[in-house]
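The structure under discussion appears below in the form of structure tokens.
The values are calculated or read from the model by the stated rules, or taken from the named source; none is laboratory data. Bear in mind the structure is a predicted one, so any value in this text is a computation, not a measurement. All Cβ positions, glycine included, derive from the backbone under ideal geometry; neighbour counts span all protein chains shown. With ligands, DNA and RNA removed, areas are computed over all heavy atoms of the protein, side chains included. Shrake-Rupley method; radii C 1.70, N 1.55, O 1.52, S 1.80 Å.
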Amino acid sequence: MDKLLTKIEDALMLIGMLGALTVGTAQVVMRYVFNTGFVWSEIALVTLTILAALVGGSRAAAEGIHIRITVLTERLPAPVQRYANTLAMTIALAYSLFMAYAAFLYVQFLHMTGMVSVEAHIPTWIIFSIAPLTMALFSIRYIQRIPHAWRGDEVAKVEFID
Amino acid sequence: QTKATALNDIQQNTVKGQTWDLFKKLVEERLPDEVTIEVSHGEALYDQKTMVQALQLGALQFISPVVGVYSGTFPKLSVLVLPYLMPSPEAIKEVMEDPELGGALFDDMRAKGIEPLGVWLNGPRDIGRTGSKPVLVPEDVKGLKIRVPPGRNYVDTFKLLGANVTTMSWGEVPTALRQGVIDAVEPVPHAWAASHMYETAKQITRTEYIWDFYIVATNKAWWDGLDPKVRDTLKAAMAEATKWNWENTAEENREARATMTAGGATIHELTPEQRKAWVTAVKPLWDTLGTELVGKDVMAKLIEITDKYR
Amino acid sequence: MTIAFLFASFAVLLLVGTPVAVALGGSVVLASLWSGALPVPIIGQKLYANLDHFTLMAVPFFFLAAALMETGGIVRHLVALANMLVGRFRGGLGMTAVLTCMFFAAISGSSPATVAAVGAIMIPALTKHGYPTNYAIGVVTTAGGLGILIPPSIPLILYGFVTETSIPKLFMAGILPGLLYGAMLMLMARFLARKLAVAPPEFMSAAEKARAVRLAVPALMLPVFLVIGIYGFPAFSLGGMTFEGGAIFTPTEAALLCATAALLIGVLIYRQTTLRSLVSTVLTVTPRVGMVFWIVTNAVLFGFFLAQQGVPTALANWLVSMDMPVWAFLLLVNLILIVAGMFLDGVPMILMFMPVLFPAAKALGVDPIHFGIMVVVNIELGLLTPPVGLNLFVASTISGVPLARVIVAVLPWACVTLTMLILTTYLPIISTFLPSLMVD
Ligand code: NA
Ligand code: NA
């Protein structure tokens, strides 16, 4: 399960970043060298980058690189630190779930209004689906982390050595 | 006490911003205990891509974007901003008041939770470019790197004329123009002046190829739920504000042109022959895009009405 | 009341150790559910819409470009060159870090992108040459702020847009304060290096120096390419052939081209980038981009909620109603923006405060260009102040040093930023001199 998820994330990050890079570079070359271009290049670039970034955010949740302020919890005794960590991860999970739900409601609304992207001629609900789907990914990542936090093997990041 | 938020998506010191301020003043004078109106100027709350949805979802009560902003949800509206179709504000007025034309389009909006309240004026779109050679005839556009707003009416027009069209975000445009990434832009006079782009693209032509306007709208469920007396007062205040808006737009654009000339830009007028050449060059779009959007009959009716003002 | 609830829940979430992004967004969700201020789908709309801006795309691609420059061997050669140039001076490499930031600032319009790009190069280089980690982090995190003062600059573009001030003039206005700020940071770099008794780098032979220069030539092509791309190649006419000049790409597109060029140089010239290393670079960089974007969207949501509740307008209106002399007005504007900058990013700060503060400043006779530069220096300071400071977060992510230590590391350097704020506030000439030379 974890392996499959990682593979999916890897694929989406690579497609998103390298796809956006290709589209953006091609747009500049087309405009400058061939004096032509695509109207949809900007929306494609933005959509692919946001996809890559939000999937990257999910990976960041798995790897624990989202910035936290640990000044207070670090000073707690080890067993209490465990509870604080578990609480923090649970809150992050609750938030991801709520955002997945809120974004899903918005996608549903867009689907209902039939709004179409003016530049790309595709329904905007498809583009916006990135939001609930990546929030679902975030949620899975936090679900995976909670047992670790509970067991206490979730420690503050290793200090950088001078 | 009802609290309503109106979004003026551009600067406060524009005619549109002042129209909203006037509307607020009129409403709060007449309904001091019933309604307060917050006018949010600029894009701090919602931008062009999100305001229509925010209105539909009830997060906003009033918006006034340009026609193009609605066209993602109501593609047919693009027909109103086909190049050289609407020759003047009076033509816009008659089209919008016609039950089969404006009326039918407004019914589409109502069906999706939006209650249109009226039309405010923006201005005629004028093409301006960097360098020393002005754009006077359609051939001058060939190969020109021009930025237009997203929307088929804009994009297809310049593609038809052989330009290199881009729809880059408006925020990038002044820099891109100054650096030479693009050669030309085509906003309305007050936007030309406000963005200072006439300092870079000094050859501006009164092509007036699209007469741009705003559609003022409210959330239908909220509007229908108001006390009828309150609603009538709001309607009357809107009518007065709209009248003021129509009286002052021409002056705003005239002043903007004066600012640009004083700032070193050259504004070229089209001769009747040149204007005719433009209309002839873009007219095929009325058939292709216009018919595709609204069908042959509606298109014919539109041309019939607007011809009176040509 | 809703606002008190918002800040209280933000503080609680932050202190129990939830990620900063979650604390920002979570407090908005709680305050909104509590007061019924927002329909739930609107929160879902904002999650994506807050990121849906083309100019924001410069950040991930400068991140990627920096990483590709590293895997491609470009960084190694540039650092060798810098080392050769400043070999004799104590603190010279620290000063080089500032110079590199100034140089990168002329390419990029974003501060976090400057920190990411230069930090990835200079932090390891500095620590390798015996500088304390705190020093390395402090200098890059602070000097990265130059990214939005030296043109091109995303916040200056936005300010020009919102206040109808000429963007070319604003860009021109940013140059002198940018150079001054850079010079002050270099002095600080020298002063701190002496205080910390950093050893001067080792002696290099003439042959080694020549080798360093030769190897760095392809690496130097990258910045040259970007400068030509952004500022344009001079127009020329040769025989029957004329070239009209003009730039090739916008500052945002420069990030993309920078990444592509770094990739090509790494593959074709230094032959160090392979498909495998490209894949692993993308997979290392994207989660960092994700971290930044996740904070950005939640920070913008936080700012949106404040704006929706009318906080900035009320604050600015109160300030305007006070009817005070210019110096006191500017002082209060700074205080408000410093506090706002603790929580907000530059873009929402301009969108939320300028519609009211700008007309007031203008009415008091403050030059719009002077005011714009002052606002941008405030935004720079905001990038360095906790709890929400994007430069701090980027530095923490690229170096692996915990946030609390990054904040401590930045403190001495932030004093320079504060001095710079005072200078730009009360010496308008620094900002207005160069634009006054421009012909209308
Ligand atoms: Na810059
Ligand atoms: Na801050």
Residue hits (segment B:257-310; basic (Lys, Arg), under 25 Å from B:Asp108 (Cβ atoms) and open to solvent by less than 80 Å² (accessible area, probe 1.4 Å)) are B:Lys301
Exactly one of A:Thr47, A:Thr36 is at pLDDT 95 or above, open to solvent by 10 Å² or more (accessible area, probe 1.4 Å) and more than 7 Å from chain C (Cβ to nearest Cβ), and that residue is A:Thr47
Just to be sure, is C:Phe104 within 16 Å of ligand 1 (Cβ to nearest atom), surrounded by 24 or more Cβ atoms within 10 Å (Cβ to Cβ) and within 13 Å of another protein chain (Cβ to nearest Cβ)? no
Does C:Ser166 satisfy the criteria of being more than 16 Å from ligand 2 (Cβ to nearest atom), at the interface with another protein chain (Cβ under 10 Å from one of its Cβ atoms), among the hydroxyl-bearing types (Ser, Thr, Tyr) and in contact with a Gly (Cβ under 6 Å, 6 or more places away or on another chain)? no
Subset of segment B:18-58, residues surrounded by fewer than 18 Cβ atoms within 10 Å (Cβ to Cβ), part of a loop (DSSP other than H, G, I, E, B), touching a residue at least 60 places away in the same chain (Cβ under 8 Å) and more than 10 Å from chain C (Cβ to nearest Cβ), comes to B:Glu34
When segment A:66-78 is checked residue by residue, the ones that are touching a residue at least 60 places away in the same chain (Cβ under 8 Å) and either out of contact with any Leu (no Cβ under 9 Å at 6 or more places or on another chain) or more than 8 Å from every other protein chain (Cβ to nearest Cβ) (or both) are A:Glu74, A:Ala78
Looking across segment A:50-65 at residues that are at the interface with another protein chain (Cβ under 7 Å from one of its Cβ atoms) and open to solvent by 10 Å² or more (accessible area, probe 1.4 Å), the single one that is farthest from C:Gly17 (Cα to Cα) is A:Arg59
Scanning segment C:354-398 for residues that are more than 10 Å from ligand 2 (Cβ to nearest atom), open to solvent by less than 10 Å² (accessible area, probe 1.4 Å) and small (Gly, Ala, Ser) gives C:Ala361, C:Gly372, C:Ala395, C:Ser396
Of the conditions (1) within 7 Å of another protein chain (Cβ to nearest Cβ); (2) under 28 Å from the mean Cα position of the chain (by Cα); (3) open to solvent by 10 Å² or more (accessible area, probe 1.4 Å); (4) modelled with pLDDT of 85 or more, the single one that C:Thr55 does not satisfy is (4)
The residue from B:Ala176, B:Ala191 that alone is open to solvent by less than 10 Å² (accessible area, probe 1.4 Å), assigned to a helix (DSSP H, G or I), within 11 Å of another protein chain (Cβ to nearest Cβ) and not charged (D, E, K, R) is B:Ala176
Taking segment A:1-53 and keeping only residues that are under 20 Å from B:Ala163 (Cα atoms) and in contact (Cβ under 8 Å) with a residue 60 or more places away in the chain, one is left with A:Val39, A:Trp40, A:Glu42
When (1) under 30 Å from C:Ser166 (Cβ atoms); (2) at pLDDT 95 or above are applied to B:Lys235, the one that fails is (1)
Matching residues in segment C:404-427 (over 18 Å from C:Gly182 (Cα atoms) and either surrounded by fewer than 19 Cβ atoms within 10 Å (Cβ to Cβ) or of a type in the set (Lys, Arg) (or both)) number 4
- request: Test C:Val333 against the stated conditions and say whether it is within 16 Å of ligand 1 (Cβ to nearest atom) and either within 28 Å of B:Gln61 (Cβ to Cβ) or more than 16 Å from the chain's Cα centre (by Cα) (or both).
  value: no
Going residue by residue through segment B:197-211, is there one that turns out to be among the aromatic types (Phe, Trp, Tyr), within 21 Å of the chain's Cα centre (by Cα), assigned to a strand (DSSP E or B) and closer than 30 Å to B:Thr73 by Cα? yes
Taking first residues from segment C:324-349 that are acidic (Asp, Glu) and second residues anywhere that are at pLDDT below 95 and away from ligand 1 (no atom under 16 Å from the Cβ), the pairs with Cβ under 6 Å that are 6 or more apart or on different chains are C:Asp345/C:Ala299
Considering residues that are more than 30 Å from A:Ala149 (Cα to Cα), surrounded by fewer than 20 Cβ atoms within 10 Å (Cβ to Cβ) and more than 7 Å from chain C (Cβ to nearest Cβ), the number found within segment A:93-112 is 3
The residue from C:Arg271, C:Arg276 that alone is away from chain A (no Cβ under 14 Å) and basic (Lys, Arg) is C:Arg271
Practice task
With the condition kept exactly as written, say whether any residue in segment C:423-434 is assigned to a helix (DSSP H, G or I), away from ligand 1 (no atom under 16 Å from the Cβ) and under 15 Å from the mean Cα position of the chain (by Cα).
Solution key: no
The residue from C:Met188, C:Met204 that alone is more than 14 Å from every other protein chain (Cβ to nearest Cβ), out of contact with any Ser or Thr (no Cβ under 7 Å at 6 or more places or on another chain) and buried (at least 17 other Cβ atoms within 10 Å of the Cβ) is C:Met188
The lone condition B:Thr205 fails out of (1) hydroxyl-bearing (Ser, Thr, Tyr); (2) out of contact with any His (no Cβ under 6 Å at 6 or more places or on another chain); (3) surrounded by 17 or more Cβ atoms within 10 Å (Cβ to Cβ) is (2)
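From C:Gly109, C:Gly145, C:Gly174, C:Gly160, grab the single residue that is within 16 Å of ligand 2 (Cβ to nearest atom) and closer than 30 Å to B:Ala194 by Cβ. Spell out how you get there, then give the answer.
Values: C:Gly109 fails: within 16 Å of ligand 2 (Cβ to nearest atom); C:Gly174 fails: within 16 Å of ligand 2 (Cβ to nearest atom); C:Gly160 fails: within 16 Å of ligand 2 (Cβ to nearest atom).
Going through C:Gly109, C:Gly145, C:Gly174, C:Gly160 in turn, just one is within 16 Å of ligand 2 (Cβ to nearest atom) and closer than 30 Å to B:Ala194 by Cβ: C:Gly145.
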Considering segment C:107-156, residues that are assigned to a loop (DSSP other than H, G, I, E, B) and surrounded by fewer than 24 Cβ atoms within 10 Å (Cβ to Cβ), and then whichever is nearest to ligand 1 (Cβ to nearest atom), we arrive at C:Pro151
Can you find a residue in segment B:238-256 that is open to solvent by 80 Å² or more (accessible area, probe 1.4 Å), within 23 Å of B:Glu186 (Cα to Cα) and assigned to a helix (DSSP H, G or I)?
yes
Return a yes/no flag: does segment C:323-340 have any residue that is at pLDDT below 85, more than 16 Å from ligand 2 (Cβ to nearest atom) and in a loop (DSSP other than H, G, I, E, B). yes
Exactly one of B:Lys76, B:Lys112, B:Lys93 is open to solvent by 20 Å² or more (accessible area, probe 1.4 Å), charged (D, E, K, R) and closer than 18 Å to B:Leu289 by Cβ, and that residue is B:Lys76
The one condition A:Arg82 fails out of (1) at the interface with chain C (Cβ under 7 Å from one of its Cβ atoms); (2) touching a Gly at 6+ places or on another chain (Cβ under 7 Å); (3) farther than 24 Å from B:Ser169 by Cβ; (4) not aliphatic (A, V, I, L, M) is (1)
